[in-house]
């Protein structure tokens, strides 16, 4: 960030005086000062919260829970999920050679044999 010397600060204050006028400039300065104060308070609160969280973790607090180790399928520790689902569902899994649509309705030969509904009767005019 570039350094602001006394000449640059004087130019900024002169432009602010010309833009806002002598009556509104003190009010504007108070508002800017209040906003900067609030930002500093927020910054200090965040720093304090982060520091508190870091000291809590280092003071012997319980470690966060971890997931159990993954079973090795090559060692035979895990049952094949397809085999389990096929046994537990009534009727087993659908055959793999019958295509199904995304809506769950069959688009195979059984769906094609259903005749379309008859057209509505004409309206009497």
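Values quoted throughout were computed directly from the atomic coordinates according to the rules given, and no laboratory measurement underlies them. The structure displayed is predicted, hence computed values, not measured ones. For neighbour counting, all protein chains shown are included, and Cβ atoms are generated from backbone atoms with ideal geometry for every residue, glycine included.
Given the condition under 39 Å from the mean Cα position of the chain (by Cα) and surrounded by 10 or more Cβ atoms within 10 Å (Cβ to Cβ), answer yes or no: does some residue in the stretch 11-28 qualify? Among the residues of the stretch 11-28, at least one is under 39 Å from the mean Cα position of the chain (by Cα) and surrounded by 10 or more Cβ atoms within 10 Å (Cβ to Cβ), which makes the answer yes. Pairs are defined by a Cβ separation below 7 Å, a sequence spacing of at least 6 or placement on different chains, a first member in the stretch 12-40 that is in contact (Cβ under 8 Å) with a residue 12 or more places away in the chain, and a second member that is in a helix (DSSP H, G or I) and surrounded by 10 or more Cβ atoms within 10 Å (Cβ to Cβ); the pairs so defined are 16/25; 28/20.
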